[in-house]
Amino acid sequence: MSIDSPIRIHLEQDGDFAFRVEFQDTTLAPLLTDEPPPLGHDRGPNPSRMLLAAVANCLAASLLFALRKHRNAPGPLRAEIIAVPQRNPQGRWRIPSAAVTLHLPGHNADYQALDRVLAQFEDFCVVTQSVRQGIEVEVTVVDGEGRVLLGDKHHEAGA
């Protein structure tokens, strides 16, 4: 997959609130997601955890890339992310903010061009910057015969 190719992910329900997630155009094994009780059975991460994992993973990978670009060879990086879901004014659960801590091994003096790395690595994190700016999401609902029930009237079922 190149960075300019569409990212295609297919989900299929696998009992209650669990979904089998297939990453199209890859050889990756499917991933099971699930909601915690009382809705689901906690058989896999829920969408909120997946979103937060994606943010932390992207930041850690961007930091690693920037460090290596400046000829650093850090040991294993660690990342932690913490978020507290809150209800919005309409009573719906949202994640209004998240706090990420990235742990570099060793001491800051061990790294070349660290000031430059720290000043720019976040700008290259696709996920974090997309979440920060907000992602427009178009929603279409079709029935079993492909009739559009909600959304774009020109949508082709299965596309």
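The values are calculated or read from the model by the stated rules, or taken from the named source; none is laboratory data. This is a predicted model, so every value here is computed, not measured. Methodologically, a virtual Cβ is constructed for each residue, glycine included, from the backbone with ideal geometry; neighbour enumeration extends over all protein chains shown.
Condition check ((1) in contact (Cβ under 8 Å) with a residue 12 or more places away in the chain; (2) among the small types (G, A, S)) across all residues:
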site: Q86; (1), (2): no, no
site: H107; (1), (2): no, no
site: V117; (1), (2): yes, no
site: E122; (1), (2): yes, no
site: V127; (1), (2): yes, no
site: S130; (1), (2): no, yes
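The residues listed here are L77, L59; of these, the one that is touching a residue at least 40 places away in the same chain (Cβ under 8 Å) and closer than 30 Å to L114 by Cβ is L59.
Listed by position, the strands (runs of 3 or more DSSP E) inside the range 43-159 whose residues that are among the hydrophobic types (A, V, I, L, M, F, W, C), in contact with a helix residue (DSSP H, G or I) (Cβ under 9 Å, 6 or more places away or on another chain) and not assigned by TED's automatic domain parsing to the domain that holds G15 number at least 1 are 78-82, 99-103. Scanning the range 77-89 for residues that are of a type outside the set (V, I, T) and within 22 Å of R49 (Cα to Cα) turns up L77, R78, A79, E80, A83, P85, Q86, R87, N88.
With (1) surrounded by 14 or more Cβ atoms within 10 Å (Cβ to Cβ); (2) within 22 Å of R132 (Cα to Cα); (3) β-branched (V, I, T) as the list, and T101 as the residue in question, which single condition is left unmet? With (1) surrounded by 14 or more Cβ atoms within 10 Å (Cβ to Cβ); (2) within 22 Å of R132 (Cα to Cα); (3) β-branched (V, I, T) applied to T101, the lone miss is (1).
Annotation: I3 fulfils all but one of (1) surrounded by 11 or more Cβ atoms within 10 Å (Cβ to Cβ); (2) over 30 Å from H107 (Cβ atoms); (3) among the β-branched types (V, I, T); the unmet one is (1). Per the listing V117, V148, the residue uniquely among the β-branched types (V, I, T) and closer than 23 Å to F19 by Cα is V148. Checked against (1) under 16 Å from K69 (Cα atoms); (2) exposed (fewer than 15 other Cβ atoms within 10 Å of the Cβ), F124 passes all but a single condition, namely (2). If the condition is being among the small types (G, A, S) and modelled with pLDDT of 95 or more, then the range 74-96 contributes A79, A83, G91.
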